[in-house]
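Chemist: Here it is: the structure, laid out below.
The values are calculated or read from the model by the stated rules, or taken from the named source; none is laboratory data. As the structure is a computational prediction, the values presented were derived from the model and not from experiment. Quick reminder, even Gly has a Cβ in these numbers, built from the backbone with ideal geometry, and neighbours come from all protein chains shown. We work out accessible area using only protein heavy atoms, side chains counted, and drop any ligands, DNA or RNA first. Shrake-Rupley method; radii C 1.70, N 1.55, O 1.52, S 1.80 Å.
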Amino acid sequence: MKMIDHCRALAKFTQEPGFTTRTFLSPPMHGVHAYLREWMERAGMAVHVDAAGNLRGRFGGEGAPFWIGSHLDTVPRAGAFDGILGVVMAIALVERVQPAFPVEVVGFSEEEGVRFGVPFIGSRALIGDAGPDLLAKCDPTGVTVAGAIREYGLDPAGVPDAEVKTPARGYLEFHIEQGPVLESLDLPLGVVDAIAGLSRIIVEFEGHANHAGTTPMALRRDALVGAAEWITCVERIGQSVEGLVATVGRINAEPGAANVIPGCVRATLDVRHSADAVRKSALERLIVCAREIAARRGLTCSHRELLDQPACAMDPGLVADVERAVVATGQKVHRMTSGAGHDAMIMARRMPAAMLFLRSPGGLSHHPDEDVLPEDVAAAMAVGRQFLLNLE
Ligand code: HGY
Ligand code: MN
Ligand code: MN
């Protein structure tokens, strides 16, 4: 079965019929684990699911392993390749190459941050950064991370044991680019040299709910109109700085009835840039902008940090190893920064990390029509094979 076919089959494990939606340890993850475990064991791996829900396969004997992996969760109504393609390619590489040294394959339980608002739960557990605060985070229904782990049939007390405490040679992640760059250059592959930093906050505008029919326009403190004005400011500041992206991805208005002036609005803000100082300065400007709009409209404004993920350089030595494999397989080397966050930026805190991107047709991702070309998967597999052979 081809890797693209595996990804399309795995995309059917979803919590939203008709779409691919698979958040942290939701029930369909059992099907993904069973599907991949059978294949991993056939490829010669000893497989287990750690207490953080990471699917892990150990190939080969003692000694410092090389890690290859990506994430198994998805955003809502995702495509079939973000994350899981990297796990499928890792398994296929071990199956085909049967490396002469130990390899750890990992399918992380959660990278997108959808269910609990904070990303990288799986890879953070692997580097020993999944402490009580993280396990106590609640999803919108009030279930904690620890509760979700228990509901899945695992024991959250075992999360500390998920940490990698032995030496590792490095980590390589294959991932779709999720953007337009490689397609614009007509290239199948990209070598990631850095991953942009990411700030994520919740901004709350508080006004005064009131009757939509009896409250004159001049007497309103409408939180949603204030948020709407601020969102145009987010776009304007995002457009004003080279390489900056700023996004309001989700907005909740309360009480949420057509005949009630919204009294409270919460909006997510996601700000990214390859330079941390630029990202932080833009974030500060956007917070000041929110406060000014609120003051002018008789609203109050507050914000809560969800994530401050510094930009992360990939390991120069490992990047050079990947580039050697790219050249050896006859492909052109193109170095690039990743605008998307990846588990590699967490694993890089524990071991040398690198990534190889595959072209995203249409530059599309986080969308059901996300795609990847068979010839690009074949090119990436050839690079992966050469990379592993060079490690022997
Ligand atoms: O949001 C991201 O950058 C990634 O897709 N988790
Ligand atoms: Mn993603
Ligand atoms: Mn991803």
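Chemist: Looking at region 105-135, which of its residues are more than 15 Å from the chain's Cα centre (by Cα) and open to solvent by 20 Å² or more (accessible area, probe 1.4 Å)?
Modeler: Once the filter is applied, which keeps residues that are more than 15 Å from the chain's Cα centre (by Cα) and open to solvent by 20 Å² or more (accessible area, probe 1.4 Å), region 105-135 yields Gly128, Asp129, Gly131, Pro132, Asp133, Leu135.
Chemist: If the requirement is being within 24 Å of the chain's Cα centre (by Cα), away from ligand 3 (no atom under 16 Å from the Cβ) and of a type in the set (Gly, Ala, Ser), which of these qualifies: Ala290, Ala311, Ala325?
Modeler: Details: Ala290 fails: within 24 Å of the chain's Cα centre (by Cα); Ala325 fails: within 24 Å of the chain's Cα centre (by Cα).
Just one listed residue meets the conditions, Ala311.
Chemist: Sticking with this one: When both residues are 6+ apart or on different chains and their Cβ atoms are under 7 Å apart, which pairs have a first residue that lies in region 111-138 and is within 14 Å of ligand 3 (Cβ to nearest atom) and part of a loop (DSSP other than H, G, I, E, B), and a second that is acidic (Asp, Glu) and at pLDDT 95 or above?
Modeler: Glu111/Asp73; Glu111/Asp343; Glu112/Asp73; Pro119/Glu111; Pro119/Glu112; Phe120/Glu111; Phe120/Asp343
Chemist: So which pairs qualify, if the first residue must be in region 49-72 and within 30 Å of Thr144 (Cβ to Cβ), the second must be among the acidic types (Asp, Glu) and in a strand (DSSP E or B), the Cβ gap must be under 7 Å, and the two must be at least 6 apart or on different chains?
Modeler: Arg56/Glu104; Arg58/Glu104; Trp67/Glu104; Gly69/Glu173; Ser70/Glu173
Chemist: Let me ask something else. Among what's in region 249-269 and is surrounded by fewer than 19 Cβ atoms within 10 Å (Cβ to Cβ) and hydrophobic (A, V, I, L, M, F, W, C), pick the residue that is farthest from the chain's Cα centre (by Cα).
Modeler: Pass one, region 249-269, residues surrounded by fewer than 19 Cβ atoms within 10 Å (Cβ to Cβ): 249-252, 254-260, 268.
Now drop any that are not hydrophobic (A, V, I, L, M, F, W, C), which leaves 251, 257-258, 260.
On the way: Ile251: 20, Ala257: 33, Ala258: 35, Val260: 36 Å.
Filtering region 249-269 for residues that are surrounded by fewer than 19 Cβ atoms within 10 Å (Cβ to Cβ) and hydrophobic (A, V, I, L, M, F, W, C), the one farthest from the chain's Cα centre (by Cα) comes out as Val260.
Chemist: Same structure, new question: Please count how many residues of region 34-48 are surrounded by fewer than 21 Cβ atoms within 10 Å (Cβ to Cβ) and in contact (Cβ under 8 Å) with a residue 24 or more places away in the chain. Steps first, please.
Modeler: Keep residues of region 34-48 that are surrounded by fewer than 21 Cβ atoms within 10 Å (Cβ to Cβ), which gives 34-35, 37-39, 41-44, 46-48.
Checking which are in contact (Cβ under 8 Å) with a residue 24 or more places away in the chain leaves us with 35, 39, 42-44.
Result for region 34-48: 5.
Chemist: Test Gly31 against the stated conditions and say whether it is surrounded by fewer than 20 Cβ atoms within 10 Å (Cβ to Cβ), touching a strand residue (DSSP E or B) at 6+ places or on another chain (Cβ under 8 Å) and under 25 Å from Val103 (Cβ atoms). Working first, answer last.
Modeler: On the way: surrounded by fewer than 20 Cβ atoms within 10 Å (Cβ to Cβ): yes; touching a strand residue (DSSP E or B) at 6+ places or on another chain (Cβ under 8 Å): no; under 25 Å from Val103 (Cβ atoms): yes.
Here the answer is no, as Gly31 does not meet what is asked.
Chemist: Mind checking which residues of region 17-32 are in contact (Cβ under 8 Å) with a residue 60 or more places away in the chain and more than 16 Å from Glu112 (Cα to Cα)? Even if it seems obvious, please write down each step before you answer.
Modeler: Going through region 17-32, the residues in contact (Cβ under 8 Å) with a residue 60 or more places away in the chain turn out to be 19-20, 23-26, 29-30, 32.
Passing the criteria: Phe19, His30, Val32.
Chemist: In this structure, is Glu151 away from ligand 2 (no atom under 16 Å from the Cβ) and open to solvent by 40 Å² or more (accessible area, probe 1.4 Å)? Please lay out each step first, then the result.
Modeler: Working: away from ligand 2 (no atom under 16 Å from the Cβ): yes; open to solvent by 40 Å² or more (accessible area, probe 1.4 Å): yes.
Yes, satisfied.
Chemist: Report, ordered by the first and then the second residue, all pairs with beta carbons closer than 6 Å, sequence separation of six or more or different chains, a first member in region 343-362 that is touching a residue at least 12 places away in the same chain (Cβ under 8 Å), and a second member that is hydroxyl-bearing (Ser, Thr, Tyr) and within 15 Å of ligand 1 (Cβ to nearest atom).
Modeler: Listed by first residue and then by second, the contacts come to Asp343/Ser123; Ile346/Ser123; Met347/Ser123.
Chemist: Within region 366-385, identify whether any single residue is over 16 Å from Val97 (Cα atoms), open to solvent by 20 Å² or more (accessible area, probe 1.4 Å) and touching an Asp or Glu at 6+ places or on another chain (Cβ under 9 Å), and answer yes or no.
Modeler: yes
Chemist: Hey, any hits in region 75-94 for a residue that's in contact with a Lys or Arg (Cβ under 7 Å, 6 or more places away or on another chain), at pLDDT 95 or above and not hydrophobic (A, V, I, L, M, F, W, C)?
Modeler: First, the residues of region 75-94 that are in contact with a Lys or Arg (Cβ under 7 Å, 6 or more places away or on another chain): 80, 93.
Next, only the ones that are at pLDDT 95 or above stay: 80, 93.
Right, trim to not hydrophobic (A, V, I, L, M, F, W, C) and you get none.
There is no residue in region 75-94 that is in contact with a Lys or Arg (Cβ under 7 Å, 6 or more places away or on another chain), at pLDDT 95 or above and not hydrophobic (A, V, I, L, M, F, W, C).
Chemist: Given the criterion at pLDDT 95 or above, open to solvent by less than 10 Å² (accessible area, probe 1.4 Å), touching a Pro at 6+ places or on another chain (Cβ under 9 Å) and within 16 Å of ligand 2 (Cβ to nearest atom), identify the matching residue among Ser360, Ser338.
Modeler: Working: Ser338 fails: touching a Pro at 6+ places or on another chain (Cβ under 9 Å).
Ser360 is the lone residue from the list that is at pLDDT 95 or above, open to solvent by less than 10 Å² (accessible area, probe 1.4 Å), touching a Pro at 6+ places or on another chain (Cβ under 9 Å) and within 16 Å of ligand 2 (Cβ to nearest atom).
Chemist: Now for a different question. Quick check, is Asp343 among the charged types (D, E, K, R) and either within 16 Å of ligand 3 (Cβ to nearest atom) or open to solvent by less than 40 Å² (accessible area, probe 1.4 Å) (or both)?
Modeler: Numbers: among the charged types (D, E, K, R): yes; either within 16 Å of ligand 3 (Cβ to nearest atom) or open to solvent by less than 40 Å² (accessible area, probe 1.4 Å) (or both): yes.
Against the criterion (among the charged types (D, E, K, R) and either within 16 Å of ligand 3 (Cβ to nearest atom) or open to solvent by less than 40 Å² (accessible area, probe 1.4 Å) (or both)), Asp343 qualifies.
Chemist: Exactly one condition in (1) open to solvent by less than 40 Å² (accessible area, probe 1.4 Å); (2) within 16 Å of ligand 2 (Cβ to nearest atom) is false for Pro76; which is it?
Modeler: Pro76 satisfies all of (1) open to solvent by less than 40 Å² (accessible area, probe 1.4 Å); (2) within 16 Å of ligand 2 (Cβ to nearest atom) except (1).
Chemist: Has region 54-68 got at least one residue that is over 22 Å from Pro374 (Cα atoms), modelled with pLDDT of 95 or more, within 22 Å of the chain's Cα centre (by Cα) and assigned to a helix (DSSP H, G or I)?
Modeler: Checked region 54-68: no residue is over 22 Å from Pro374 (Cα atoms), modelled with pLDDT of 95 or more, within 22 Å of the chain's Cα centre (by Cα) and assigned to a helix (DSSP H, G or I).
Chemist: If a residue must be within 16 Å of ligand 1 (Cβ to nearest atom) and either farther than 15 Å from His71 by Cα or not in a loop (DSSP other than H, G, I, E, B) (or both), how many such residues does region 334-364 contain? Explain how you work it out, then say what you get.
Modeler: Step one: filter region 334-364 for residues within 16 Å of ligand 1 (Cβ to nearest atom), giving 336-348, 353, 355, 357-358, 360, 363-364.
Checking the rest, the ones that are also either farther than 15 Å from His71 by Cα or not in a loop (DSSP other than H, G, I, E, B) (or both) come to 336-339, 344-348, 353, 355, 357-358, 360, 363-364.
Result for region 334-364: 16.
Chemist: I've got another one for you. Could you check how many residues of region 86-98 are open to solvent by less than 10 Å² (accessible area, probe 1.4 Å) and away from ligand 1 (no atom under 13 Å from the Cβ)? Steps first, please.
Modeler: Quick first cut of region 86-98, residues open to solvent by less than 10 Å² (accessible area, probe 1.4 Å) only: 86-94.
In the following step, the residues that additionally are away from ligand 1 (no atom under 13 Å from the Cβ) were identified as 87-94.
The qualifying residues number 8.
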